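*Asks:* Could you have a look at this structure, given as C-alpha cells, before my questions?
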Amino acid sequence: MLAARTTATRERQCLDGLWRFRLDADGTGRSEGWEHGFGGDAVDMPVPASYYDIVPDPTYRDHVGEAWYETTVRVPRSWDERRVVVRFGSVTHAAEVFVDGVSVATHEGGYTPFEADITDLVTPGGVVRVTVAVDNTLTWHTIPPGFVLDTPEGRVQKYFHDFFNYAGIHRSVWLVATAPTRIDDVTVVTGLDGTTGTVDYSVVLGGPGGDAHTVAATLRDATGTTVGRSDGVTGTITVADVHPWRPGEGYCYDLDVTVYDPSGELVDDYPLAVGVRTVEVRGRQFLINGEPFHFRGFGMHEDHPVRGKGHDPASMVHDFALLDWVGANSLRTSHYPYAEETYDYADRHGIVVIDETPAVGLNLGLSGGIFGAQGKATFSDDTVDAHTREAHRRVLAELIARDKNHPCVVLWSLANEPESDTEASREYFAPLAAEARRLDPSRPIGFVNVMLAPAGKDVITDLFDVVMLNRYYGWYVDTGDLPAAERHLEAELRAWQDLYDKPIIMTEYGADTLGGQHGILATPWNEEYQTDVLAMSHAVFDRIDAVVGEHIWNFADFATSSGIMRVGGNRKGVFTRDRQPKAATAHLRRRWRGLPATGE
Ligand code: GCB
C-alpha cells in the first residue's frame, strides 16, 4: 500500500491532534450508536498515541474491548471531483471507521495501514465527523494471539508475549485526495551487475479508464538529474555507473511514476525512493551487493513513556542517533511492523532492517505457564488454528505489500519464537513460508527460533534461508555462571552450524539490568554483569564462522505486563526507557565503532 504523500497531483490533510475519546467499558457503544457521537463523557486523547498511560486511571490501563475516538475535519474546497480516502497508519488491534455515522472500513491487525474511499460521503468545503471504534482484544484468532478471561472482577486480557498490550491510534491519520484514475501500487525490484544497476518496476492503476491512460517512470539521481526513463505499466530502467544503496550509505534514486490521461494531461504522479542493491544468502554468508554483511544492532520496541506505541518523529530520530552513537548498523522490528517513517529514515541513512510480522507468542510451551494457558497445545482447534493462520497470512501479506520497496529491508521475519519442534508447527509454517516466497521472491526469509527448539529438535528451519536464534545463556540459563554459559552457547552454535549450511543471526541475547545498579563483582541485574554477558557472547560469536549477526535484546528498557520476572518492565535495554546509557554501551562502542570506551 502506498504511503500518503503530497505530490504534484496529490494532496493530503493530516488528522493528527486531539480527538475526543471514550472507553466503552460496558460494551454499549454500538447499541447506543456512538458512531453518531458519544457525547458528554468524552476526554481529549492525542493521536497518534496509545491511550493507556495518558490518563492516570487504572480503568484505561486494564480496559478490554472497544474504545471510541472521534474528530471532525473540513475537507478542502479545492478537492472537487477528487477521490478522497481516509488512511490510518495503524490502529491497534482492530478498527471500524465511520464517516458521519456510516461504516467505511474495518481492519484487523494492529501494525499495518488501511484506508477507505470516502469520496461519496464528503463534500468539498464541508465538514465530516470521523469516528473510530478501536478494539484492543486479543483472541486465539488474532495475531498476536491471546484470550480473555472472565473473572468476578471483570474481563482480563491474557497474552503470551513480553511487551505491554498498548492500543489506540498509533500512527498518523490522513485524508488523501487523488484523481479518480490513480496509481494504486508500485513495485520495484533492483539488480546490480558490476557497475550497472537495474530498476524493474510495475504499476497498478485504479479507477475508471485506466487502459486508456499512459504511464511513464523516470529515475532521477540524488541531484535531480534524470538517469533513465521507461514507458508503460511495467518496465526496466538501466543505470550505468550506478550508485548503489549500501549499509551505512543510504543512497537513493527517485523513481517518479506519472500517469497521463488520453488528452496527455498529467493526472497522477507518485515519487518513490529507490535504493539499488541486491540481497542474497549464499552458503553461510548474508550478502548485500555481493559483499558479506555482519548485522550489529538490536531487537527494538516502539515503546516510550506516556505515549506507549504512538509514533513520534523526535523519538524516532533520537533512537536512530543513539543507534549510530553506539555503532549499530541494523535493527529488527521486533515484534511487529514499525511506523512507515522508520523505514523511510532507514532507507535514507543506510540502516539495515529485519522486518518482522506481529506473530509473537505462538508458543504455549514457552509462555503458557507464565501467562496462564498452561496445559493447552499451541496448535489445536481450541488455540492457534486455521483462522489464526489465515490472520497470520494476512498480516504477512500486508507487511510485504507495505514494505516491499524499502531498500533497508533485507529479510522478512515471519514470527518470533513460535513453537517449532512439532509436526503441527511444520504444518502451520510450511504454507506461510511458501506464501512469503511467492509474495516476494527477491528477499530471504526467516523466523526467530526459541531456546526450547535447539538444532536437532527444531523441525522447520529447512523451510527458511537463515537461522535466527534468541538465546539467553548467562540469564535464563546458567544465571550468574558465565564460564558455563560460554561453554553451552558455543556448543549450541556449533551444533546449528554443523546441521545447516546457513548464516546464523543472533537475534536476541542479553541480561536484565537495573540502570544504576552496580557491584564490584558482576552479578545478575547489575550493569557490570550485562557488560560481561555481552562480552562473553561476542567472544563466542567471533569463534563461529556461520554467525553473521549480533542483535542484542534490547535497545532500551520497555513496558510489559506485570509479573515477578519484570521490574517496571523488561530491563534488558542497553539504554534505559528514557534513553540513558547503561555501562554496556561503552563495550559496544569499542566493539562496534572501535572507539576507546571511557570507564572500562
Ligand atoms: C524473548 C522474546 C522477547 C522477550 C525476551 C526476554 O525471547 O523474544 O520478546 O522480551 O525474550 O527478555 O525474555
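*Asks:* Of everything in the stretch 252-282, what is in contact (Cβ under 8 Å) with a residue 40 or more places away in the chain and open to solvent by 30 Å² or more (accessible area, probe 1.4 Å)? Give them in sequence order.
*Replies:* Of everything in the stretch 252-282, those that are in contact (Cβ under 8 Å) with a residue 40 or more places away in the chain and open to solvent by 30 Å² or more (accessible area, probe 1.4 Å) turn out to be Tyr260, Asp261, Pro262, Leu266, Pro271, Ala273, Thr278, Glu280, Val281.
*Asks:* Name every residue in the stretch 115-127 that is touching an Asp or Glu at 6+ places or on another chain (Cβ under 8 Å) and either over 17 Å from Glu11 (Cβ atoms) or open to solvent by less than 10 Å² (accessible area, probe 1.4 Å) (or both), in order of residue number.
*Replies:* Leu121
*Asks:* Residue by residue through the stretch 556-566, note down the ones that are within 12 Å of the ligand (Cβ to nearest atom) and part of a loop (DSSP other than H, G, I, E, B).
*Replies:* Across the stretch 556-566, the qualifying residues are Asp557, Ala559, Thr560, Ser561, Gly563, Met565, Arg566.
*Asks:* Can you give me the number of residues within the stretch 266-278 that are in contact with a Phe, Trp or Tyr (Cβ under 8 Å, 6 or more places away or on another chain) and either of a type outside the set (A, V, I, L, M) or assigned to a strand (DSSP E or B) (or both)?
*Replies:* 6
*Asks:* Quick check on Thr461: is it away from the ligand (no atom under 16 Å from the Cβ), farther than 30 Å from Arg348 by Cα, open to solvent by 10 Å² or more (accessible area, probe 1.4 Å) and at pLDDT 95 or above?
*Replies:* Judged against the criteria, Thr461 is not a match.
*Asks:* Just the residues that are of a type outside the set (S, T, N, Q) and either part of a loop (DSSP other than H, G, I, E, B) or open to solvent by less than 40 Å² (accessible area, probe 1.4 Å) (or both), please, taken from the stretch 518-532.
*Replies:* Listed by number, the residues that qualify are His518, Gly519, Ile520, Leu521, Ala522, Pro524, Glu527, Tyr529.
*Asks:* Go through (1) modelled with pLDDT under 95; (2) within 16 Å of the ligand (Cβ to nearest atom) one by one and return the number of the condition Asp501 breaks.
*Replies:* All conditions pass for Asp501, except number (2).
*Asks:* Scan (1) under 30 Å from Thr333 (Cα atoms); (2) among the charged types (D, E, K, R); (3) in contact (Cβ under 8 Å) with a residue 24 or more places away in the chain for the single condition Asp241 breaks and write down its number.
*Replies:* Exception for Asp241: condition (1).
*Asks:* Read through the list (1) closer than 29 Å to Asp465 by Cα; (2) more than 25 Å from the chain's Cα centre (by Cα); (3) of a type in the set (S, T, N, Q), then give the number of the only condition that Thr507 fails.
*Replies:* (2)
*Asks:* Have a look at Ala535, Ala586, Ala546 and point out the one that is closer than 30 Å to Pro292 by Cα and either open to solvent by 30 Å² or more (accessible area, probe 1.4 Å) or within 16 Å of the ligand (Cβ to nearest atom) (or both).
*Replies:* None of the other options fit; the residue is Ala535.
*Asks:* Then there is this: Do you know which residues across the stretch 125-140 are over 20 Å from the mean Cα position of the chain (by Cα) and not aliphatic (A, V, I, L, M)?
*Replies:* Gly125, Gly126, Arg129, Thr131, Thr139, Trp140
*Asks:* Output the residues belonging to the stretch 269-301 that are within 16 Å of the ligand (Cβ to nearest atom) and touching a His at 6+ places or on another chain (Cβ under 7 Å).
*Replies:* The answer is Gly297, Phe298, Gly299.
*Asks:* Something else now. Which residues, taken from the stretch 549-583, are surrounded by fewer than 19 Cβ atoms within 10 Å (Cβ to Cβ) and either among the aliphatic types (A, V, I, L, M) or farther than 23 Å from Ser334 by Cα (or both)?
*Replies:* Ile564, Met565, Val567
*Asks:* Return the residues of the stretch 541-565 that are under 15 Å from Ile354 (Cα atoms) and either β-branched (Val, Ile, Thr) or at pLDDT below 95 (or both); say none if nothing qualifies.
*Replies:* Scanning the stretch 541-565 gives Val548, Ile552.
*Asks:* With the condition being free of Cβ contacts under 8 Å to residues at least 60 places away in the same chain, I'd like the strands (runs of 3 or more DSSP E) fully within the stretch 314-431 carrying at least 1 qualifying residues.
*Replies:* 352-356, 409-416
*Asks:* Further, regarding this structure: Counting only residues that are basic (Lys, Arg) and in contact with a Phe, Trp or Tyr (Cβ under 8 Å, 6 or more places away or on another chain), which one in the stretch 289-321 is surrounded by the fewest Cβ atoms within 10 Å (Cβ to Cβ)?
*Replies:* Arg296
*Asks:* For the stretch 515-559, enumerate the residues that are of a type in the set (Gly, Ala, Ser) and within 11 Å of Lys582 (Cβ to Cβ).
*Replies:* Once the filter is applied, which keeps residues that are of a type in the set (Gly, Ala, Ser) and within 11 Å of Lys582 (Cβ to Cβ), the stretch 515-559 yields Gly515, Gly516, Ala556.
*Asks:* Given the conditions (1) free of Cβ contacts under 8 Å to residues at least 24 places away in the same chain; (2) within 16 Å of the ligand (Cβ to nearest atom), report the number of the one that Trp553 does not fulfil.
*Replies:* Failed condition: (1).
*Asks:* Look through Ala535, Ala539, Ala511 and report the one residue that is within 21 Å of Trp592 (Cα to Cα) and in contact with a Pro (Cβ under 9 Å, 6 or more places away or on another chain).
*Replies:* That would be Ala511, the only listed residue that is within 21 Å of Trp592 (Cα to Cα) and in contact with a Pro (Cβ under 9 Å, 6 or more places away or on another chain).
*Asks:* Now, a different point. Quick one: would you say Gly510 is in a loop (DSSP other than H, G, I, E, B) and over 28 Å from Arg284 (Cα atoms)?
*Replies:* It is false that Gly510 is in a loop (DSSP other than H, G, I, E, B) and over 28 Å from Arg284 (Cα atoms).
*Asks:* Quick one: how many residues across the stretch 474-498 are within 16 Å of the ligand (Cβ to nearest atom) and either open to solvent by 50 Å² or more (accessible area, probe 1.4 Å) or more than 16 Å from Asp542 (Cα to Cα) (or both)?
*Replies:* Number of matching residues: 6.
*Asks:* Of (1) surrounded by 21 or more Cβ atoms within 10 Å (Cβ to Cβ); (2) more than 16 Å from the ligand (Cβ to nearest atom); (3) not aromatic (Phe, Trp, Tyr), Asp324 satisfies all except one. Which?
*Replies:* (1)
*Asks:* Can you tell me which residue is nearest to Gly89 (Cα to Cα) among those in the stretch 401-455 that are within 16 Å of the ligand (Cβ to nearest atom), of a type in the set (D, E, K, R) and touching a helix residue (DSSP H, G or I) at 6+ places or on another chain (Cβ under 7 Å)?
*Replies:* Among those that are within 16 Å of the ligand (Cβ to nearest atom), of a type in the set (D, E, K, R) and touching a helix residue (DSSP H, G or I) at 6+ places or on another chain (Cβ under 7 Å), it is Glu417.
*Asks:* Regarding the stretch 574-582, can at least one residue be identified that is more than 16 Å from the ligand (Cβ to nearest atom), of a type outside the set (Val, Ile, Thr), in a loop (DSSP other than H, G, I, E, B) and touching a Leu at 6+ places or on another chain (Cβ under 8 Å)?
*Replies:* Yes - at least one qualifying residue is present in the stretch 574-582.
*Asks:* List the number of the failed condition for Thr181; all other conditions in (1) at pLDDT 95 or above; (2) farther than 30 Å from Thr131 by Cα hold.
*Replies:* Among (1) at pLDDT 95 or above; (2) farther than 30 Å from Thr131 by Cα, the lone unmet condition for Thr181 is (2).
*Asks:* Which fully enclosed strands (runs of 3 or more DSSP E) of the stretch 43-132 have 3 or more residues being over 19 Å from Gly33 (Cβ atoms) and touching a Phe, Trp or Tyr at 6+ places or on another chain (Cβ under 6 Å)?
*Replies:* Output list reads 43-47.
The values are calculated or read from the model by the stated rules, or taken from the named source; none is laboratory data. Not measured: the values here are computed from a predicted model. Positions of Cβ are generated from backbone atoms using ideal geometry, with glycine treated the same way; all protein chains shown enter the neighbour counts. These accessible areas exclude ligands, DNA and RNA; they are computed on the full protein's heavy atoms, side chains included. Shrake-Rupley method; radii C 1.70, N 1.55, O 1.52, S 1.80 Å.
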